[in-house]
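J.: Have a look at this one before I ask anything.
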Amino acid sequence: MIVDDLVRTPAAVAEAERWTAHNYHPLPVVISSAEGAWVTDIDGKRYLDCLAGYSALNFGHRHPALIAAAHAQLDRLTLTSRAFVHDQFATFCRELASLCGKDLVLPMNTGAEAVETAVKVARKWGYKVKGVPHDKATIIVAEGNFHGRTTTIVSFSTDPDARADFGPYTPGFKVVPYGDLAALAEAVDETTVAVLLEPIQGEQGVIVPPEGYLPGVRALCSANDVLLVADEIQSGLGRTGQTFACDHEGVVPDMYVLGKALGGGIVPVSAVAADQDVLGVLRPGEHGSTFGGNPLACAVATEVVGLLKTGDFQRRSAELGARLHAELGALVGHGLLAVRGRGLWAGIDIDPALMTGREACERLAARGVLAKDTHGSTIRLAPPLVVEPAELDWAVEQLAAIL
């Protein structure tokens, strides 16, 4: 570390604050390079990345296979729009559909776009297939959800920060308590076209529903001719120790909503995967995206699917996740109030008498660990699946030290 350079971070943070709308409150760390589970700031300090881009970096920073796929595609073709077919498109859609066990894939860019896609598809399916009267379709969602920040999506958010001052709000949604099967059953009626859920609520603090909840939701949807839409944008693609978080309870949704890790931390890639009887309701001109399914995105995402098909990352997440949760569990009663999660994904509640979640993340950053707070004294840990056991141990040691 060069002493003369230590002034670079405060100046760079101030410059960003000067020219950027204040829609985020980032930690005062300015990253300039990264590899695997580690990042380096402009002053040469290294940090263990225990956020992994909210699970967008499941395979670590600059995974060699993903970087190689991106470089090769950059030298050939990056964008055509969906007005034409390119040579990477069918391969990506076929491979992702196979991974999901579905007939069709609709590629988009961001997670919010994929959720919007699922909402539109569910409504159209409700009118064309189920026979719900025009403009009467409703979708049931859960309290504490986080599905994105578009005006439609924040209309059914229960987070005041995400929702306040962005009305008027889009109608057509019913909100029920997360994990409450009886409340969900009571909300279903003849207008219900879909239930949209996160199998594990990430932004809320990595909230795992009660055992049997997801199978109960699946049974309820099947019995009432309602689509089960699983938002696996954060929880999917290996994060929880299975390909999808739904897999832990043997649940197969009608639609998977995917994003984040699908782009390998290189390009934004999202998608909805479903069978022909669901996604087949769309016709040309009804929904689309200029950049959705572009050649560069497809090349990288196809490689991501290839990494997942081996099962190695899922096994690694399960094994290291068990280690992480055991070590975090030992801190309950010693500064931690609770630990939740699955695989390499944990929500930890710090005793608010000690510090806020923000203060905890600042103290961890000072010790070389990057994490993110949410909702008061809760912080989330989601290291890349390439993290080493000793690195995990060291991260927990730093947490213990600040507690």
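J.: Can you give me the Kirkwood hydrodynamic radius for the stretch 190-278, using every pair of distinct Cα atoms, in Å to one decimal?
T.: 13.6
J.: If you take every residue apart from residue 35 with its C-beta less than 11 Å away from the C-beta of residue 35, what net charge results, scoring Lys and Arg +1 and Asp and Glu -1?
T.: Net local charge, residue 35 excluded: +1.
J.: What number, in percent, do you get for the relative contact order of the chain if the mean sequence gap of Cα pairs under 8 Å and at least 6 apart is divided by its residue count?
T.: After rounding, I find 22 percent.
J.: Then there's this: With the cut-off at 1.5 for a/c, could you classify the stretch 288-357 from its C-alpha gyration tensor as rounded, prolate or oblate?
T.: Because a/c hits 1.5 or more and a/b fails to exceed b/c, the stretch 288-357 counts as oblate.
J.: Could you derive backbone 3J(HN,Hα) for the stretch 380-394 from the dihedral phi with the Karplus parameters 6.51, -1.76 and 1.60 (θ = phi - 60°), listing whole Hz in sequence and x where the residue is Gly or Pro?
T.: Each residue of the stretch 380-394 in turn: 10, 10, 8, x, x, 5, 8, 4, 8, x, 5, 5, 4, 4, 5 Hz.
J.: I'd like the orientation of helix 64-74 relative to the chain: the angle between its Cα long axis and the longest Cα principal axis, in ° from 0 to 90, rounded to 10.
T.: Once rounded, one gets 60 degrees.
J.: Taking each pair of distinct Cα atoms in the chain once, what is the resulting Kirkwood hydrodynamic radius in Å?
T.: 22.0
J.: Please find, in a Gaussian network model of the chain (springs between Cα atoms separated by less than 10 Å), the residue of 210, 168, 383 whose mean-square fluctuation is greatest.
T.: It is 168.
J.: Here is a further query. Under 5 Å between amide H atoms, partner at least 5 residues away or on a different chain: which partners does residue 51 have, H built in plane at 1.01 Å?
T.: Those lying under 5 Å, H to H, from residue 51 are 382.
J.: Separate question: Restrict the search to the stretch 226-330; then list the GluC sites (Glu not before Pro) that DSSP places in a loop and that have at most 16 other Cβ atoms within 10 Å of their Cβ.
T.: For GluC sites (Glu not before Pro) across the stretch 226-330 that sit outside H, G, I, E and B with at most 16 neighbouring Cβ atoms in 10 Å, the list reads 286.
J.: Turning to a different aspect of this structure: Where in the stretch 6-93 are there chymotrypsin sites (Phe, Trp or Tyr not before Pro) that are in a DSSP coil and have at most 15 other Cβ atoms within 10 angstrom of their Cβ?
T.: On the way: sites: 19, 24, 38, 47, 54, 59, 84, 89, 92; in loops: 24, 59, 84.
Listed in order of number, the matching sites are 24, 84.
J.: Rounded to the nearest 20 Debye, what is the dipole magnitude of the chain about its Cα centre when Lys and Arg each give +1 and Asp and Glu each give -1 at the C-beta?
T.: For this selection, approximately 700 debye.
J.: Arranged by the count of other C-beta atoms within 10 angstrom, fewest first, what order do 246, 93 take?
T.: Sorted ascending by nearby Cβ count, the order is 93, 246.
J.: If one puts a single equal scatterer on every Cα of the stretch 1-110 and applies the Debye formula without solvent, what log₁₀ I(q)/I(0) results at q = 0.13 Å⁻¹?
T.: -0.78
J.: Mind ranking 368-375, 341-348, 263-270 by how tightly packed they are, going by the mean number of other C-beta atoms within 10 angstrom, highest first?
T.: Values: 368-375: 19.9, 341-348: 26.0, 263-270: 23.9.
Descending packing order for the listed peptides: 341-348, 263-270, 368-375.
J.: Checking the table 120/260; 174/260; 260/309; 102/128; 120/372; 45/260 against a 29 Å threshold on Cα-Cα, which pairs fail?
T.: Long pairs (Cα-Cα over 29 Å): 120/372.
J.: From the phi of every residue in the stretch 48-57, what ³J(HN,Hα) in whole Hz does the Karplus formula 6.51 cos²θ - 1.76 cosθ + 1.60 yield, where θ is phi - 60° and glycine or proline is x?
T.: Running phi through 6.51 cos²θ - 1.76 cosθ + 1.60 with θ = phi - 60° gives 7, 7, 9, 10, 6, x, 6, 6, 6, 10 Hz.
J.: At a 10 Å Cβ-Cβ cut-off, how would you order 248, 22, 61, fewest neighbours first? Working shown, then result.
T.: Numbers: 248 19, 22 6, 61 22.
Fewest to most other Cβ atoms nearby, the residues stand as 22, 248, 61.
J.: Moving on to the next point. So what's the angle, to the nearest 10 degrees on a 0 to 90 scale, between helix 89-100 and the longest Cα principal axis of the chain?
T.: 90
J.: Moving to a separate point now. For residue 332, enumerate residues with amide H under 5 Å from its amide H, sequence gap 5+ or separate chain, H modeled in the peptide plane.
T.: none
J.: Give me the number: length gained by fully extending residue 186 to residue 375, i.e. 0.36 nm times residue separation minus the C-alpha to C-alpha distance, one decimal in nm. Provide the component values of the computation, followed by the final result.
T.: On the way: separation 189, 0.36 × 189 = 68.04 nm, distance 2.89 nm.
Stretched out fully, the residue 186 to residue 375 stretch lengthens by 65.2 nm.
J.: A further question follows. What residue among 365, 334, 321 has its Cα farthest toward the positive end of the dipole of the stretch 277-403, where the charges are +1 on Lys, Arg and -1 on Asp, Glu, each on the Cβ?
T.: So the residue we want is 321.
J.: Go through the stretch 340-357 residue by residue and turn each phi into a ³J(HN,Hα) via Karplus (6.51, -1.76, 1.60, θ = phi - 60°); whole Hz please, and just put x for glycine and proline.
T.: 9, x, 8, x, 8, 8, 9, x, 10, 9, 8, 4, x, 5, 8, 5, 7, x
J.: Moving on. Can you list the aspartates and glutamates whose alpha carbon is less than 19 Å from that of residue 124, not counting same-chain residues fewer than 8 positions off?
T.: 103, 113, 116, 135, 189, 190, 225, 231, 254, 275, 277, 286
J.: Moving on. Need one number: % antiparallel among DSSP beta bridges in the chain, to the nearest 5.
T.: 65
J.: Can you list residues whose amide H is under 5 Å from residue 369's amide H, if they're 5+ apart or on another chain and H is modeled 1.01 Å from N?
T.: Result for residue 369 returns 48.
J.: Determine the relative contact order of the stretch 6-58: mean sequence separation of Cα pairs under 8 Å and six or more apart, normalised by residue count, in whole percent.
T.: It comes to 26 percent, rounded to a whole number.
FYI, it's all coordinate maths here, none of it is from the lab. None of the values given here were measured: they were computed from a predicted structure. Note that we place each Cβ from the backbone using ideal geometry, even for glycine, and neighbour counts take in every protein chain shown.
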